[in-house]
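**Student:** Please see the structure below; I have some questions.
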Amino acid sequence: NMDHRLVPNLQVFFKRYGQTLPASHNSHDYAPGDIITCNLPGGVPHIAMVVPSPGTGRPWIVHNMGYGPRIEDRLLEFNLTGHYRYHPRE
């Protein structure tokens, strides 16, 4: 569960220490483990992680919009503001 007020700070972190990728409207450009940021209706910042779908072939997201964590087919539903890959340095 990530407080929406932290999303801009997390975007800065991923830009500095991860890989910034284009926020594409093609679901095939996203891989499991990718992080996306977006704006929900009303402009509320949101963050989610891309996960494999349960069989459709199109990636889904895991996120929490206040109702507990959910795995849903909503990757391209919102206005995407960022797409990142993060692999911590060992």
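The values are calculated or read from the model by the stated rules, or taken from the named source; none is laboratory data. In this text the structure is predicted, and so the values were computed from the model without any measurement. Please note: Cβ atoms are built from the backbone with ideal geometry, for glycine as well, and neighbour counts cover all protein chains shown. Each accessible area value is taken on the protein alone, full model and side chains, heavy atoms only, with ligands, DNA and RNA left out. Shrake-Rupley method; radii C 1.70, N 1.55, O 1.52, S 1.80 Å.
**Student:** As a test of reading the structure, rank 86, 17 by solvent-accessible area (1.4 Å probe, protein chains only), most first.
**Tutor:** These residues rank, largest area first, as 17, 86.
**Student:** Then there's this: Rolling a 1.4 angstrom probe over the protein heavy atoms, how many square angstrom per residue are accessible across the chain?
**Tutor:** Heavy-atom accessible area per residue stands at 64 Å².
**Student:** At 7 Å along Cα-to-Cβ for each site, give me the label-to-label distance between residue 16 and residue 29 in nm.
**Tutor:** 2.6
**Student:** Next question, about the same structure. Under the rule of -39500 (n - 2.57) per DSSP H run of 4 or more residues, summed and divided by the residues of the chain, what mean residue ellipticity at 222 nm is obtained, to the nearest 500 deg cm²/dmol?
**Tutor:** Rounded to the nearest 500, it is -3500 deg cm²/dmol.
**Student:** Then there is this: Counting only residues 5 or more places away or on other chains, whose amide H sits under 5 Å from the amide H of residue 40 once H atoms are built in the peptide plane?
**Tutor:** Here 46 satisfy the definition.
**Student:** Please list, ordered by chain and number, the residues whose modelled amide H lies under 5 Å from the amide H of residue 82; skip anything fewer than 5 residues away on the same chain.
**Tutor:** Residues meeting the amide H criterion: 37.
**Student:** Using a 1.4 angstrom probe on heavy atoms only, work out the carbon and sulfur share of the accessible area of the chain in %.
**Tutor:** Accessible surface attributable to carbon and sulfur in the chain totals 54 percent.
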